[in-house]
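Take a look at the structure set out below.
All of the numbers you see were taken from the coordinates with simple rules; none came from a lab. Small disclaimer: the values here were computed from a predicted structure and weren't measured. Cβ placement follows ideal geometry from the backbone for every residue including glycine, while neighbour counts extend to all protein chains displayed.
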Amino acid sequence: MAAPKTRWLDRTVAPRGPYVTLCLSDDEFRQAMKRLKCSSYPADIGDGLMATITLQSPKGLTCVVVVSDMTEFTGPEIAAMLCHEAVHVWRAHCRQLGEVTPGEEQEAYGIQFIAQTLMDEYARRQVAA
């Protein structure tokens, strides 16, 4: 059974939250960039790379989170990496709003929500693979 395709994740972190997707391979990353009509991006994300690519798409702020070939990592290590990338998504969201010093609780809940959304999507993709 083929792994499910990437999809856009829940944006309810905030009313104007960024569009977010999770790519688990170089091929998925390239497909996401093509769907976004983005012609300028890293040529090859490579295996084992973690990155959050932030760009303005026609729909607004978009974050493409890439974690490729995580087979050598444990569950807690993968969760930590997704939390790391969630912080990048949160900060891109704050920059878009012009928010320099978000409240600590607001920031904690925002990052928690983004991290949980990324982890849920990662788990969904692993079960289906």
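Relative contact order for the stretch 19-128 using alpha-carbon pairs under 8 Å, separation at least 6, rounded to a whole percent?
26
Could you order peptides 97-105, 28-36 by the average number of other Cβ atoms within 10 Å of their residues, highest first?
28-36, 97-105
Kindly identify the stretch 72-129 as rounded, prolate or oblate by the Cα gyration tensor criterion: order the square roots of the eigenvalues as a ≥ b ≥ c, call it rounded if a/c is under 1.5, otherwise compare a/b with b/c, prolate if a/b is larger, else oblate.
It comes out prolate by the Cα gyration axes.
Starting from the Cα gyration tensor of the stretch 19-128, take the square roots of the eigenvalues, sort them a ≥ b ≥ c, and report rounded, prolate or oblate (rounded when a/c is under 1.5, otherwise prolate if a/b is larger than b/c, else oblate). Don't skip to the answer; put the middle values down first.
Numbers: a/c = 2.03, a/b = 1.13, b/c = 1.79.
Oblate is the answer for the stretch 19-128, as a/c is 1.5 or above yet b/c matches or exceeds a/b.
Which residues among the stretch 105-129 fall inside the zone where the amide N is under 18 Å from a point 7 Å beyond the Cα of residue 7, along Cα→Cβ?
114-129
Where does the charge balance sit around residue 82 when Lys and Arg score +1, Asp and Glu -1, over other residues with C-beta under 11 Å from its C-beta?
Result for the neighbourhood of residue 82: -4.
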